[in-house]
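Report on the following structure.
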Amino acid sequence: MKRREFVAGLGATAIGTFAARAQPSMPVIGFLSARSPVESAGLVAAFRRGLAENGTVEDRSVTIEYRWALGEYDRLPAMASEFVRRPVAILVTVGGEASARAAIAATKTIPIVGIFADDPVASGLVASLNRPGGNTTGVFNFNPTLEPKRLGLLHELVPQAATIGVFVNPNYPPAAGQLRGVEEAARTIGMGTVALRAGNDGEIEAAFESAVQQRIRILAVTSDPFFNTRSEKLVALATRHAVPTVYPFREYVAAGGLMSYGVDLGEMYRQVGIYAGQVVKGVKPADLPIMQPTKFDLVINLKTAHALGLDVPPNVLALADEVIE
């Protein structure tokens, strides 16, 4: 190779390397979930749709790194700290209160957009719903507070039941409040309650065995990311033992569960995506009010009801937003 060609080639390489280094890298979103990737696939798609509404597209304008706790809440603090050390441009926290709490404990500067199960003001996570302040905003989904409503709907289907078994996860921060809500609602209609505590797979199976032994005729699964990651297992056990069960989300009913009442999770994730896209473009979380759902869906699986020998009252059927036949 001639000296002139070598020098020219060396110069071009240097310019190309400099240009590559000079190009700004895409901002990174740290996506922290207490749930699992398989059962969250549709929710992640909804999150991406929300991002795209701001012109923010994964692998084009942002990079998203995902961390999944698989319902094991004690893994979340280390995952949040890993994102902070990286550091990411923004933290998205979904799949329950524990994700948001882990992120807030890990950083007071990186913007956080999350879904809150408990009232974020009452729990001290934000200053107010309208002006959250600090580095955190998101969506308050209300779902754990709907346990009494779910009990009432199930009681309409099985009015002769004297006791309801309530699945609660002792490792989930809102669990005590969820149980109190069901107990209070049950007392008003003269029903008793039995807490079925389950924080791992073995305890789920043991709780069902206990419910059968105690001849508990109806069950309620509380809103909890751990249970969401085991939705198919819970539905399969309820089917095996032929126990009418009410669930917090449509996904359970689509898998064969009897009935659900709760928020549209896909819409929650889409709204988080919208906010995350705005924050990536420079909007401060402190200036984004906490969003709240305005619609709650009742979904009934008539095929499952018939298999359980239940007739769905016309007044309950009329309330249903979706009937699966």
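The values are calculated or read from the model by the stated rules, or taken from the named source; none is laboratory data. Not measured: the values here are computed from a predicted model. Cβ placement follows ideal geometry from the backbone for every residue including glycine, while neighbour counts extend to all protein chains displayed. Heads up: the accessible areas ignore ligands, DNA and RNA and are worked out on the full protein's heavy atoms, side chains in. Shrake-Rupley method; radii C 1.70, N 1.55, O 1.52, S 1.80 Å.
When both bridge partners sit in the chain, DSSP labels roughly 10% of those beta bridges antiparallel. Expressed as a fraction of 2.2 N^0.38 Å, the value expected for a compact globular protein of N residues, the C-alpha radius of gyration of region 217-325 is 1.31.
Give me the percent of Cα-Cα pairs in region 91-215 that sit more than 20 Å apart, rounded to a whole number. Cα-Cα pairs in region 91-215 separated by more than 20 Å: 53 percent.
Could you tell me the calculated FRET efficiency between A307 and A41, based on Cβ-Cβ distance and R0 = 25 angstrom, to the nearest 0.05?
Calculated value: 0.35.
Out of N135, P120, P225, whose Cα points farthest toward the positive end of the dipole of the chain (charges: +1 Lys, Arg; -1 Asp, Glu; placed on Cβ)? With unit charges placed on the Cβ atoms, the residue in question is N135.
For the chain, find the longest principal axis of its Cα atoms and tell me its angle to the long axis of helix 147-157, 0 to 90°, nearest 10. Computed tilt is about 40 degrees. Please check which bits of region 106-147 a label hung off D287 would reach, taking the label as a point 7 Å along Cα-to-C-beta and the cut-off as backbone N under 16 Å. Zone members listed by number: 111-112, 130-138. With a cut-off of 9 Å between beta carbons, the residues surrounding F140 carry a summed charge of -2, where Lys and Arg count +1 and Asp and Glu -1. If R0 equals 51 Å, the separation of the Cβ atoms of L129 and E325 corresponds to a calculated FRET efficiency of about 0.85. Once the chain from T163 to H241 is taken as fully extended at 0.36 nm per residue, the excess over their C-alpha distance is 26.4 nm.
Straightening the chain between I189 and K108 buys 24.6 nm, computed as 0.36 nm per residue apart minus the Cα-Cα spacing. Among the protein heavy atoms, those of K303 account for about 150 Å² of accessible surface (1.4 Å probe, every chain in place). To test your reading of the geometry: what angle, between 0 and 90 degrees and rounded to tens, separates the Cα axis of helix 201-213 from the longest principal axis of the chain? Rounded to the nearest ten degrees, it is 10.
About its Cα centre, region 194-274 has a charge dipole of approximately 220 debye under the convention of +1 per Lys or Arg Cβ and -1 per Asp or Glu Cβ, with nothing else charged.
If the chain between V212 and E82 were fully stretched, how many nm would it gain, using 0.36 nm times the residue separation less the Cα-Cα distance?
Working: separation 130, 0.36 × 130 = 46.80 nm, distance 4.36 nm.
Length gained between V212 and E82: 42.4 nm.
Note that region 24-161 shows a convex hull volume over its alpha carbon atoms of 149 Å³ per residue.
Legend: translational diffusion of the chain by Stokes-Einstein, Rh = Kirkwood radius over C-alpha pairs, 20 °C, 1.002 mPa s; D = 101 µm²/s. Pairs of C-alpha atoms in region 118-180 farther apart than 14 Å represent 66 percent of all such pairs. To the nearest ten degrees, helix 265-280 and the longest principal axis of the Cα atoms of the chain are 20 degrees apart.
Distance from the Cα centroid of region 142-214 to that of region 251-325 is 20 Å (rounded to whole angstrom). Between the residues Y252, H306, L43, the greatest Cα displacement towards the positive end of the dipole of the chain, with unit charges on the Cβ of Lys, Arg, Asp and Glu, is found for L43. Rounded, prolate or oblate: pick one for region 151-213, where a ≥ b ≥ c are the square roots of the eigenvalues of its C-alpha gyration tensor, a/c under 1.5 means rounded, and failing that, prolate if a/b is larger than b/c, else oblate. Oblate, since a/c reaches 1.5 and b/c is not below a/b. When only the Cβ of Lys, Arg, Asp and Glu is charged (+1, +1, -1, -1), the dipole of the chain relative to its Cα centre reaches about 1320 debye. With R₀ fixed at 45 Å, the C-beta to C-beta distance from T294 to R180 puts the FRET efficiency at about 0.95. Excluding ligands, DNA and RNA, the accessible surface per residue across region 203-248 is 40 Å² with a 1.4 Å probe. Placing dummy labels 7 Å off each Cα toward the beta-carbon, the span from E53 to D201 is 3.7 nm. Would you mind counting up the charge near R187? Only other residues with Cβ under 14 Å from its Cβ, with Lys and Arg at +1 and Asp and Glu at -1. Surrounding charge for R187 is -2. Put a plus charge on the Cβ of each Lys and Arg, a minus charge on the Cβ of each Asp and Glu, and nothing anywhere else: the dipole of region 32-157 about its Cα centre is then about 320 debye.
Between the listed residues L154, G192, A206, the Cα displaced farthest toward the positive end of the dipole of the chain, a dipole computed from Cβ unit charges relative to the Cα centre, is found at A206. Within the shell defined by Cβ-Cβ distances under 15 Å, the residues around I300 carry a net charge of -3, with Lys and Arg each +1 and Asp and Glu each -1.
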